[in-house]
Structure formats: C-alpha cells, structure tokens
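The structure appears right after this line, and notes come after that.
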Amino acid sequence: MSGKEEIIGLAQQYLISSYNRLAVVFEKGQGCRLWDTEGKEYLDFLSGLGVNSLGYAYPSVVKAIQEQAEKLLHISNLFYIAQQAKLAELIVRQAFCGKMFFCNSGAEANEAAIKLARMYAKKKRGIQAGEIITAFRSFHGRTMATLTATGQDKIQKGFEPLLPGFTYVPFNDVQVVRNAATDSTIAVMVEPIQGEGGVQVGTPEYLSGLREFCTQRGILLILDEVQTGIGRTGRFFCHQHAGVEPDIVSMAKALGAGVPIGAILARDEVAGAFVPGSHATTFGGNPLSCAAGIAAVEAMIQGGVLENCRKMGDYLGERLLRLQQKYSFIKEVRGKGLLWGLELDREGSQIAQDCLAEGLIINCTMNSVLRFLPPLIISREEVDRGLLILDRVLSRQ
Ligand code: PLP
C-alpha cells in the first residue's frame, strides 16, 4: 500500500476522526527535510510538533535504536533498567538535583506531576483537598487531570465532570497568583512559554516571582516543559534562562527524538512522597525509549545543538520581525530559541496550508498565531529558504 488516496481512504474508514488532518502522507525524512508518498520535498519548520528537534534520521539516534532493538526492547519496571538509570543521571546533571519518573507522553508526565503534588501536600502539609493554580490559555494534555489543568474551554468542553482542585488565572502575572492562592493551594503549574496557547513567553520576572511566592508559602512550583524542554529555547530547560529551579519539571516531546517518552524530575524531598506502589506504568522508561533518550540528550549537549538553536533562533526571530515591518497584518512576533509565533490580525490556518502546498511545514495555533518550531539543527540557508516561502505566501494576503 503506497498510494496517498488509498491511505487516506483507509484512515477515513477505520480511524476515529479526532484530528483535522491535512491530505499529505509523509514517507521519509532526513535532517530538516521530509518527502511525501508522491516524492515532493518539504522543509520542516514544525518538527512533528516539537518532537524532532534533531531532525530526521539523526545518525547517533538511529544507531542507538537499532542496537537496542537487537538486545532488549522492553522489560518491566519490576526490574532495574540500565538505560533508564543512565538517562535519569544525564538529565539531572543538566538540570537540578532530584529524582525522575519515566512515562510515555507529555500528558502522562503532567499527570504524574499532579499526582505527586497531591501526595506531597497530604503527607507534608496535611491538605486533603488541594488546589492547583494553572493559567488561562495553558495546555497540559488530554487526560482527564491534564485537560482539567488546561485553562481552555475548548479542550474541556464535553468531558465534564472535570476533576475538582484546579483554579485558573491569567498568565504572566504574579499578583493574580498571589490573590488566587488560599490555604488549600498546593501548587502552581505553568509553562515557561505557552506553546499551544499562541507562543506567549513568560518573562524571567514572572518565573522568578512565582518561585519566590511559592517558596514563601510552601507551595510547589511545577513547570510544564513538555514543549520548551530538551533544548527548544536554547538552554536544556527554558526555566534556566530565568535562573529559577522548579520543584517539579515535566518533559516529553524532544526527549526521545521521535520515540515516545515522557518524564518528571522532582526535587528529592518532593519525590520522596511517592513510595513503591504510589505510581506506575507498564511501558514508561523501557530500554528502547531510554536508549533513544540517551542518544538524543547526548547529541543535544555535546553536539553544539544548543548553540545552533540560540544562533538560528536569534536569526529566525530577526527575520520574522522584518516580515512584521513589511506586513501590517502581523500584529506581534514572540518567541525564544527556536519556538516562535507570529500573531496575525486574521485567521492563520489557510496561510499554514498555503505554506504546506509550497513545501514549508508550519502550523497555526489559537486561530491566528503562525507557529514555528524547526529542528534545532537547522542551518541559516534553510531558515532563509523557509522564510522565502513564507514571505511569498504572506505577500498574497
Ligand atoms: N504540555 C505541553 C506544554 C504541551 O505542549 C503538550 C503537547 O503539545 C502536552 C503537555 C501534552 O503532551 P502529549 O501530547 O505528549 O500528551
């Protein structure tokens, strides 16, 4: 089976239609480029929604997966898993002192963070019905707890009753968090940059203000770095730009360079709230995903990838600002590292589709924000090539 129409026909017949899919079927990728079943080439400015930060077919990742597949794909968490322990050490060394729990996705990582915060609050502070403060326009996942944490009606609608224990406040404002906190508040959970929420960048003052407030009140600071973590903003974790340390950080997306994996890292004292039996997963932290994770993290920290991300991120940001000067319908340019958004005064999804037709993959979030998440290995020439296509499409508006 290889024909595009045949594949789309099968998908429409047999898959639950919970996605608005575009009529392209990709077959292979290399670096920042993808090819579809009809041989057409695309430049990828989306990285599988922030997953393929090393692009496609990154040699050391491919090798690690091949070698691990020949030895051991899965073994249960009833046993010690060498790759899991090694990956945890690697990540802790890039971040802060603490302990990790591995799972399979971003939502699961946030689910683990929420469970850990509730357990910690019961054991440490005797709070039985704890409240977690999250932000409007946030996105934390699609499980029941994480969609409840997500401050967007459109994600929650139809799935009521939601979980109790969540309060929402505007993003990027410490005072509203102070005002909303009560004696039952156990945690504040935010993204350092709201990705799905339209690339809203949390200021360093916001993050340090939250840290200070949470520390004063004995409230946990949970940072959701599922999209911003593992190098996306030019530091291993985005919160490192602000010089703050959370109590729990969640991660996923780029961690396995394309192999599903998620995780949380929690400060030792907080992590200690989980004891054997508190939380578990069958697949989480299996040898294959962790072998991919080790290769991905090593490439990220040893291969000059973070430096390239910072350089190319600044360059992409400058080029986008130039486009804003050219087109008055671009209201704002926001971003950091290689996570950027162009806020338009109009609907953006047709523009994203026109870019796709011309061989550039981007997406549109919050209806009017064009989002750019290219692989962190992107070259200057590729940035130029992508922006030429974008400029051409925008000029037709
Ligand atoms: N948190 C953030 C910040 C995200 O961007 C996402 C996905 O886009 C998630 C959580 C959910 O991750 P997953 O789709 O792997 O469950």
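The values are calculated or read from the model by the stated rules, or taken from the named source; none is laboratory data. The model shown is predicted, which means the values in this text are computed figures rather than measured ones. Don't worry about glycine lacking a Cβ; one is built from the backbone with ideal geometry, like all the others, and counts go over all protein chains shown. For accessibility, only protein heavy atoms count, side chains too; no ligands or nucleic acids. Shrake-Rupley method; radii C 1.70, N 1.55, O 1.52, S 1.80 Å.
Quick one: which residue in S395, S328 is of a type in the set (G, A, S), farther than 21 Å from R33 by Cα and open to solvent by 80 Å² or more (accessible area, probe 1.4 Å)?
S328
Looking at N110, N77, can you tell me which residue is under 26 Å from T228 (Cβ atoms) and either open to solvent by 40 Å² or more (accessible area, probe 1.4 Å) or assigned to a helix (DSSP H, G or I) (or both)?
Answer to the check: N110.
What are the residues in segment 130-170 that are within 21 Å of Q216 (Cβ to Cβ), open to solvent by less than 50 Å² (accessible area, probe 1.4 Å) and over 17 Å from the mean Cα position of the chain (by Cα), if any?
Once the filter is applied, which keeps residues that are within 21 Å of Q216 (Cβ to Cβ), open to solvent by less than 50 Å² (accessible area, probe 1.4 Å) and over 17 Å from the mean Cα position of the chain (by Cα), segment 130-170 yields G130, I132, I133, T167, V169.
For the structure I just gave you, tell me whether M100 is at pLDDT 95 or above, within 16 Å of the ligand (Cβ to nearest atom), in the same structural domain as D268 (by TED's automatic domain parsing) and not in a loop (DSSP other than H, G, I, E, B).
So M100 fails the test.
Testing V176 on (1) more than 24 Å from the chain's Cα centre (by Cα); (2) among the aliphatic types (A, V, I, L, M); (3) surrounded by 19 or more Cβ atoms within 10 Å (Cβ to Cβ), one condition comes back false. Which one is that?
(3)
Being hydrophobic (A, V, I, L, M, F, W, C), open to solvent by 40 Å² or more (accessible area, probe 1.4 Å) and farther than 18 Å from R232 by Cα is the filter here, so list the residues in segment 25-58 that pass it. Full working, then the answer.
Taking segment 25-58 and keeping what is hydrophobic (A, V, I, L, M, F, W, C), we get 25-26, 32, 34-35, 43, 45-46, 49, 51, 54, 57.
In the following step, the residues that additionally are open to solvent by 40 Å² or more (accessible area, probe 1.4 Å) were identified as 26, 35, 49, 57.
Listed by number, the residues that qualify are F26, W35, A57.
Does V62 satisfy the criteria of being outside the structural domain of G285 (by TED's automatic domain parsing) and part of a loop (DSSP other than H, G, I, E, B)?
Answer is no for this residue.
Can you name the residue in segment 204-238 that is of a type outside the set (A, V, I, L, M, F, W, C) and on the phi > 0 side of the Ramachandran plot and is also surrounded by the most Cβ atoms within 10 Å (Cβ to Cβ) among such residues?
G231
Where in segment 150-257 are the strands (runs of 3 or more DSSP E), entirely inside, with at least 2 residues that are under 20 Å from N52 (Cα atoms) and free of Cβ contacts under 8 Å to residues at least 60 places away in the same chain?
Answer list for segment 150-257: none.
Among (1) in contact with a helix residue (DSSP H, G or I) (Cβ under 9 Å, 6 or more places away or on another chain); (2) open to solvent by 80 Å² or more (accessible area, probe 1.4 Å); (3) over 25 Å from S184 (Cβ atoms); (4) of a type outside the set (S, T, N, Q), there is one condition K124 misses while meeting the rest; what is its number?
Status for K124: all satisfied but (3).
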